[in-house]
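Remarks on the structure that follows.
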Amino acid sequence: MGLPTLEFSDSFLDSPEFRERLHCHEIELERTNRFIKDLIKDGNMLVSALRSLSLAVQRFSQSLQEFQFECIGDAETDDEISIANCCVFFLSQIQNADDVLISPLERFRKEQIGAVKEEKKQFDKETEKYYSVLEKHLSLSSKKKESQLHEADSQMSKDRQVFYDASLQYVFKIQEVQERKKFEFVEPLLAFLQGLFTFYHEGYELASEFEPYKQQLQFNLQNARNNFESTRAEVERLMKRIRSAEEDFKAPSCFTMEGYLYIQEKRPLGSVWTRYYCTYEKGSQMFTMSNTEARPASRQNGVVNGTPEMFKLRSCVRRKTDSIDKRFCFDIEVVERHGVITLQALSEANRRLWMEAMDGKEPIYTLPSLLSKKEETFLNEAGFNFVKKCIELVETRGLSTLGLYRTGGVNSKVQRLMTSVFASTAPFDMQLDADTWDNKTITSGLKNYFRCLAEPVLTYRLHKEFIKAAKYDDQKYRVRAIHALVYKLPEKNRAMLDVLTNHLLKVSSHSDQNMMTVSNLGMIFGPTLLRSQEETVAAMMNIKFQNIVVEILIENHHKIFGEAPDLSLPLPQAPSSRSTPRRNKAICLSSGKRKARLYPPALCLADNDSDSPSSVSKFCDFSSSSSYRRLEMSCLISFSSPEEKHTRKGINVKF
């Protein structure tokens, strides 16, 4: 099972389950930190002591063999599996190069993992401070002056926001490093091997044998980096929207309401208020409370102690302020107990949400919408006409334009195009003037139309099934499953998908000129045609599988839309969670010549909606360690002759 997803909205609840998931990420990062330390130590032994070379290689190889990447989510893309398998391939090919291997790993450990540790310190500090201030605030007497209470509420809101910011930032950083380590760790190893293979006397033959694998891995690394960048941008935008949400925003949950409440408990010499984590499910009217008091200073807030108590709710009534020396209180009656249970919420807004969920005697307030709703478009006659006119215009002008569909048009022009086509007064068969609208505006308008559909072309209903199909291990099964799902779509959705993917197939056939491979087109249209109904971190981690679905639709367009699926052939079982190590088969160089698999150069382009032109990424340059380490290239290297020489970081190599 992979690492659990951390949702930003859970930072507001700060539930025990959220703390447990956060702890899993912390354990994994600490394990990675220890592993990199061991790797650096073994590598330094390799560089400094030639006499200990054999022992150092053995230990270093063992460390690589034992380490496994753990990705967020329950499945991996082909690129991520290839990157993970490379450690097994590298383990028998190690040779020293401190500046290529040790320094980048040490830098990643100090800068990235060190940054997470600093965020954790700040998070723990703010957690302790917040709950301490919260208890003092809730102990204020309601008989104090209104101005004093108002001032205390304002200060409490500021302290709460500081805690939320620290929690959100920590969740964001820890997930960023978990994803970043996949390529930040493998890239130095890849550069290290290149120097190793050219160092030996038979380096040229070995490097030639390594070339296809290197090209494949560079291609996988570039895809992993592109997926990371697009997913990171979406996650960061989600974090900012969550941060700007109102205080009484309720996060999506399987419970009608959940969160911390202070419960009055009667004692012989008075009463005490104890913090419980409570949940309520409206359908079954079940109220659950778990004691979470953590008095020892060494323990984290939010750790569950004891067995949760469950009750069936009978009624809920707001507690009058003048009847109790506490604020934000309400009473509930349950079937299993006599009398009332007095609860104290964290704020007035929080009490209102609890009473609203329990049908208490309080007015029901409409919750604010977290996300602003875009102006919607629809799969109607006007939409089909617009898409066909856009495609016709693009294909008439030629499909060899560099960065077609990746380079964004100017936003103001795109909005003007959409307004002119979809205005209530516009005719259904409106023509697009080729002189008025340039290619970037047309392609951006086409993407904007699909992005603003009330429901994506592949529908919310079939979203999970498409994602599940993309996770099959066997490529043929993926195609069969997606083929069958396409014919479950409504007729107009399937017709629109046929028109679009047929066009994108033509675009990809000119990838040697426009640089728009099937992989690049999948990255652009995947999140648009197969977007999730929920905006959560877990959904965003599936963006890479959305891209795979669109890639399959483009590559197999004629088969999928030219013939009906064969439903008599059973599909394989759905991919299950990983319970055993994935990588148990060694990867080694073949004894004979392998045919090189040349991948078309990928394009390093601007953001989808950018106003700036695209730029083609540079070729690899072995004279610059940073350019090779960061893999800021997509055109892959092939050596032209045995006499070719490279000089890199003082290592002179002759093939």
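Where a number appears in this text, it was derived from the coordinates with a stated rule and is not lab data. Remember, it's a predicted structure, so these values are computed and weren't measured experimentally. Note that each Cβ is placed from the backbone with ideal geometry, even for glycine, and that neighbours are counted across all protein chains shown.
Just a few scattered comments:
- Segment 381-562: relative contact order in percent, alpha carbon pairs under 8 Å with at least 6 residues between: 28
- Sorted by Cβ neighbour density within 10 Å, fewest at the top, the residues THR419, THR459: THR419, THR459
- Filter on LYS492/LYS544; LYS388/LYS492; LYS266/LYS312; LYS476/LYS559 - keep pairs with C-alpha separation over 18 Å: LYS492/LYS544; LYS266/LYS312
- In a DSSP loop and with at most 13 other Cβ atoms within 10 Å, the chymotrypsin sites (Phe, Trp or Tyr not before Pro) in segment 465-552 are TYR487.
- Length-normalised contact order of segment 257-357 in % [C-alpha pairs under 8 Å, at least 6 apart]: 23
- Stretching LYS388 away from ALA495 to a fully extended chain increases their span by 37.4 nm, per 0.36 nm per residue minus the current alpha-carbon distance.
- Cα centroids of segment 27-46 and segment 375-414: 50 Å apart.
- Taking θ as phi - 60° and the Karplus parameters 6.51, -1.76 and 1.60, the scalar couplings of segment 502-518 work out to 4, 5, 5, 5, 5, 4, 5, 5, 9, 5, 5, 9, 8, 6, 9, 6, 4 Hz in sequence order, x denoting glycine and proline.
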